[in-house]
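The values are calculated or read from the model by the stated rules, or taken from the named source; none is laboratory data. On a predicted model such as this, the values are computed, not experimentally measured, just so you know. Cβ: placed from backbone, ideal geometry, glycine included. Neighbour counts: every protein chain shown.
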Amino acid sequence: MDVTGELFREDAYLKSCDAIVTAVDEKGIRLDRTVFYPTGGGQPGDVGRLRLADGTVVEIKDTIKGAAPGEIIHVPDEGMPALDVRMPVTAEIDWDRRHRLMRMHTCLHLLSSIIKGDVTGGQVSDGKGRLDFNIPDQALDKDQITEALNRLVSEDHPTRTLWITDEEMAARPELVRTMSVKPPMGRGRVRLLEIDGVDLQPCGGTHVSRTGEIGAVECTKIESKGKMNRRVNLAFKA
Ligand SMILES: [Zn+2]
């Protein structure tokens, strides 16, 4: 299986790209390169469409990882026209939805920087997000969290992607805040997200380029999920 070129890893702001169909089966469509992010790291896969030069449109309802490393599968809606290998297409994501996911995903990095505890899980969804922290019964205050997050947003910190080798990553275990999602090692290098002056951690997801782009957010709920687990829920302010 050919590895799909992951254009979204270098530039999260790409809304479309030209690509060639490399494989089609009952699971979906593979391309030689794509702007579609596949479900992973707590971020949902992109939706969008593939366009042919003759105007044919194949709506994509989800993007997932395949069994082979680096394989990305574009899952079409039911009843879409069939595509053939070697067809050229324009791959185009639903940008408004993706941008909301990028904003909330970046906001979860801010959240993990203000709560001192190991992250045991997390999920981004459209307009909302949450992280689970492995911390004992301690007072987490919704209003304090909301205030701290909005301060980091208004400070408009730039973000950037860095790559380090597997060896450098292994030598810096303090970078790994997430217990449930180990950084993807074994491909030679690990991708890090740095939020200037705020946070540095391994992450393969898509992020906004400055924290100001996140916009106003709110801590909506703190749930107790067992003795050592606090779930902190966020949403965009309407
Ligand atoms: Zn991230």
If GLU194 satisfies all but one of (1) within 11 Å of the ligand (Cβ to nearest atom); (2) under 18 Å from LEU101 (Cβ atoms); (3) surrounded by fewer than 20 Cβ atoms within 10 Å (Cβ to Cβ), what's the number of the condition it fails?
(2)
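Report, by residue number, each residue of region 163-211 that is part of a loop (DSSP other than H, G, I, E, B), of a type in the set (Ser, Thr, Tyr) and either over 16 Å from the mean Cα position of the chain (by Cα) or modelled with pLDDT of 85 or more (or both). Write out each step before concluding.
From region 163-211, those part of a loop (DSSP other than H, G, I, E, B) are 171-172, 176-177, 179-188, 196-198, 203-209; that's our starting set.
Those still in the list that are of a type in the set (Ser, Thr, Tyr) too: 180, 206, 209.
Result: THR206, SER209.
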Every residue in region 48-62 that is more than 14 Å from ASP18 (Cβ to Cβ), in contact with a strand residue (DSSP E or B) (Cβ under 9 Å, 6 or more places away or on another chain) and assigned to a loop (DSSP other than H, G, I, E, B), please.
THR56
Within the set of pairs 6+ apart or on separate chains, which have a first residue in region 189-210 that is farther than 15 Å from GLU10 by Cα, a second that is near the ligand (Cβ under 8 Å from one of its atoms) and assigned to a strand (DSSP E or B), and C-beta atoms under 7 Å apart?
GLN201/LEU193
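Count, please, the residues in region 31-47 that happen to be in a strand (DSSP E or B), without any contact (Cβ under 8 Å) to a residue 60 or more places away in the chain and either crowded, with 24+ Cβ neighbours inside 10 Å or within 16 Å of the ligand (Cβ to nearest atom) (or both).
Let us first name the residues in region 31-47 that are in a strand (DSSP E or B), namely 31, 33-34, 40, 43.
The next check asks that each one be without any contact (Cβ under 8 Å) to a residue 60 or more places away in the chain; those that pass are 33-34.
Cutting the leftovers down to either crowded, with 24+ Cβ neighbours inside 10 Å or within 16 Å of the ligand (Cβ to nearest atom) (or both) gives us 34.
Counting residues in region 31-47 that are in a strand (DSSP E or B), without any contact (Cβ under 8 Å) to a residue 60 or more places away in the chain and either crowded, with 24+ Cβ neighbours inside 10 Å or within 16 Å of the ligand (Cβ to nearest atom) (or both) gives 1.
Can you tell me which residues in region 93-124 are part of a strand (DSSP E or B) and either charged (D, E, K, R) or within 15 Å of the ligand (Cβ to nearest atom) (or both)?
If we filter region 93-124 for residues that are part of a strand (DSSP E or B), which is where we start, we get 93, 118-124.
Matches in region 93-124: ASP118, VAL119, GLY121, GLY122, GLN123, VAL124.
Determine if region 86-100 includes at least one residue that is touching a helix residue (DSSP H, G or I) at 6+ places or on another chain (Cβ under 8 Å) and of a type in the set (A, V, I, L, M).
So far as region 86-100 goes, no, none of its residues is touching a helix residue (DSSP H, G or I) at 6+ places or on another chain (Cβ under 8 Å) and of a type in the set (A, V, I, L, M).
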Can you find a residue in region 10-28 that is among the β-branched types (Val, Ile, Thr), in contact with a Phe, Trp or Tyr (Cβ under 8 Å, 6 or more places away or on another chain) and away from the ligand (no atom under 16 Å from the Cβ)?
no
PRO81 fails exactly one of (1) surrounded by fewer than 19 Cβ atoms within 10 Å (Cβ to Cβ); (2) more than 16 Å from the ligand (Cβ to nearest atom); (3) modelled with pLDDT of 95 or more, namely (3)
Select from region 95-129 the residues that are among the polar types (S, T, N, Q), at pLDDT 95 or above and over 27 Å from ILE60 (Cα atoms) and list them in ascending order.
none
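Could you run through region 212-238 and say how many residues are on the phi > 0 side of the Ramachandran plot and more than 22 Å from the chain's Cα centre (by Cα)?
Selection size over region 212-238: 1.
Would you call ARG9 surrounded by 14 or more Cβ atoms within 10 Å (Cβ to Cβ), modelled with pLDDT under 95 and either more than 24 Å from the chain's Cα centre (by Cα) or not in a loop (DSSP other than H, G, I, E, B) (or both)? First the steps, then the outcome.
Working: surrounded by 14 or more Cβ atoms within 10 Å (Cβ to Cβ): yes; modelled with pLDDT under 95: yes; either more than 24 Å from the chain's Cα centre (by Cα) or not in a loop (DSSP other than H, G, I, E, B) (or both): yes.
Criteria met by ARG9.
Looking at the structure I just gave you, is THR90 hydroxyl-bearing (Ser, Thr, Tyr), closer than 24 Å to ASP11 by Cβ and either within 15 Å of the chain's Cα centre (by Cα) or assigned to a loop (DSSP other than H, G, I, E, B) (or both)?
Working: hydroxyl-bearing (Ser, Thr, Tyr): yes; closer than 24 Å to ASP11 by Cβ: yes; either within 15 Å of the chain's Cα centre (by Cα) or assigned to a loop (DSSP other than H, G, I, E, B) (or both): no.
Spelling it out, it is not the case that THR90 is hydroxyl-bearing (Ser, Thr, Tyr), closer than 24 Å to ASP11 by Cβ and either within 15 Å of the chain's Cα centre (by Cα) or assigned to a loop (DSSP other than H, G, I, E, B) (or both).
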Return a yes/no flag: does region 139-158 have any residue that is in a strand (DSSP E or B) and modelled with pLDDT of 95 or more.
yes
List, please: which pairs have Cβ atoms under 7 Å, are six or more places apart or on different chains, and start with a residue in region 93-121 that is over 13 Å from PHE236 (Cβ atoms) and end with one that is polar (S, T, N, Q) and surrounded by fewer than 17 Cβ atoms within 10 Å (Cβ to Cβ)?
GLY117/ASN134; ASP118/ASN134; THR120/ASN134; THR120/SER180; THR120/ASN229; GLY121/SER180
